[in-house]
Structures are given as C-alpha cells and as structure tokens.
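J.: Sharing a structure, written as structure tokens. Questions coming.
The values are calculated or read from the model by the stated rules, or taken from the named source; none is laboratory data. All figures in this text were calculated on a predicted structure; none of them were measured in a lab. In this analysis, Cβ positions are derived from the backbone assuming ideal geometry, glycine residues included, and neighbour counts consider all displayed protein chains. Surface accessibility is based on the protein's heavy atoms, side chains included, excluding ligands, DNA and RNA. Shrake-Rupley method; radii C 1.70, N 1.55, O 1.52, S 1.80 Å.
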Amino acid sequence: MTIITVNTPTGRLNLEQRHTLAETLTDAVLVPEVGQLAPPARVGFQVHFVERQPDMMAIGGRLLADIGPEVDVMVIDVAVMDGDWRQEVRTAVIERILAAMADACGLAKPSPTWWVNFRVIDEGSWGSSGGVLSVLSLLDSGVFTEEKAKAIRAKLGA
C-alpha cells in the first residue's frame, strides 16, 4: 500500500498532467518497491492531488501570494508500507518521482523548490478493510520479485 500526495499551488497542474502523473508517480514507487513493473500491484497505490491557494503556502518565510508565480513550489509526500527500503531504494524512488514530475511539467529538470518526503509506515501501523495490514501477506501475490520478497522477509524477521 502506498499513498503519494502531491501538494501544489492552485492551478499548477492541469488535468492532462494529473492523468500522466497518476500513472508515472505510481510506477516511480511501484518498480523499486516490488522489483519489477507489475500492473496488478497498481491497485495498492493512491495518488492524491492537493491544491492550495497561494496565500496558504509559503517559502523562505514569505507567502507565495506575496512572491508571485515565478516560484514553483511543490511537496510530494510518499507513504509506504515497511519493506525493503534501503537507502539506495529510497534514492531511486525520490529520483524517479522528481523525474516524473519534471517530465509531466515539460521541464528538463526538477525545480529546487520541489521537495519529496519519503515515509515508511512501521509494520502493523497500516489499516484497511476493517483491520491491520501487513506487507508480509502480500509477498506471495506474485507481484514482488523473489529477491524483493526475500529482502522484505529478512528485514521484518519473517
């Protein structure tokens, strides 16, 4: 289970960009998480687009409404279930997210004012369907590569 929340000023992303990002942000996390492109796993991913008025966001101690549209501020928050999230895997996810954002926005590279927060939700701290979920119950679903499943089991002591 993964939730990606993209926080932007109102109107920053148009409908076409959101259509693109719904898929590319999902895959930016999915591939490093399960070890392969596994379209059936997409159902466990949500992407939320949250827009805020320029007087509801600030950078450098100043409201965006006072700075103007030239400052391109975004915060992308990624919340994932506990698993194989070694630093190199986290790095890959963050780089893939920023690349997907830049591509969808028609930019050669991401803005330095786009920030990604990567959060791992501890095993036993994620709930749905009336109960607590475990990544361990997903390992035999066929979406994880054998290498990833083995790394997750080793990390979680299963």
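J.: For a test of the definition: using alpha carbon positions, the gyration tensor, and the 1.5 limit on a/c, classify region 25-86 as rounded, prolate or oblate.
T.: prolate
J.: Given the Cα-Cα distance of Glu88 and Glu147 and 0.36 nm per residue of separation, how much length would full extension add, in nm?
T.: Gain in length upon complete extension: 19.7 nm.
J.: Starting from the amide H of Gln36, placed 1.01 Å from N in the peptide plane, find each other amide H under 5 Å away whose residue is 5 or more places distant or on another chain.
T.: Here the answer is Thr145, since their amide H atoms fall under 5 Å of that of Gln36.
J.: Take the Cβ-Cβ distance between Glu95 and Ser134 as r, set R0 to 25 Å, and report the resulting FRET efficiency rounded to the nearest 0.05.
T.: Result of the calculation: an efficiency of 0.35.
J.: Then there's this: Calculate, for region 87-127, the solvent-accessible area per residue in square angstrom, rolling a 1.4 angstrom probe over the heavy atoms of the protein chains.
T.: 59 Å²
J.: At 0.36 nm per residue, and after removing the present C-alpha to C-alpha distance, how many nm does the segment from Asp103 to Thr5 gain when stretched out fully?
T.: Result for the pair: 33.5 nm of gain on full extension.
J.: Which trypsin sites (Lys or Arg not before Pro) does region 23-122 hold that lie in a coil by DSSP with at most 12 other beta carbons within 10 Å?
T.: Arg86
J.: Ok, one more. Considering only C-alpha atoms, what is the centroid distance from region 112-147 to region 46-65, in Å?
T.: Using only Cα atoms, the two centres lie 27 Å from each other.
J.: In region 30-94, carbon and sulfur make up what percent of the accessible area (probe 1.4 Å)?
T.: Reported share for carbon and sulfur atoms: 56 percent.
J.: Still on this model: What percent antiparallel are the DSSP beta bridges of the chain, to the nearest 5? Display every interim value, and only then the final one.
T.: On the way: 11 of 27 bridges.
So the antiparallel bridges amount to about 40 percent of the total.
J.: Going highest first, how would you order 5-13, 23-31, 66-74 by mean Cβ packing within 10 Å?
T.: Sorting 5-13, 23-31, 66-74 by mean packing, highest first, produces 23-31, 5-13, 66-74.
J.: Between Val31 and Asp55, with labels modelled 7 Å along Cα→Cβ, what's the label distance in nm to one decimal, could you check?
T.: Spacing of the two 7 Å Cα→Cβ label points: 4.3 nm.
J.: Once both labels are modelled 7 Å past Cα along the beta-carbon direction, what's the Leu156-Val120 spacing in nm?
T.: Modelled inter-label distance: 1.2 nm.
J.: Could you please state how large a percent of the accessible area of region 113-158 is carbon and sulfur, counting protein chains only and using a 1.4 Å probe? Each step should come with its number before you reach the end.
T.: Numbers: 1450 of 2850 Å².
Roughly 51 percent of what the probe reaches on region 113-158 is carbon or sulfur.
J.: Using just the helices of the chain, give the 222 nm mean residue ellipticity in deg cm²/dmol: DSSP H runs with n ≥ 4 each add -39,500 (n - 2.57), and the total is spread over all residues, rounded to 500.
T.: -10500 deg cm²/dmol
J.: How far is helix 146-156 tilted off the main Cα axis of the chain, in degrees rounded to 10, range 0 to 90?
T.: 90 degrees
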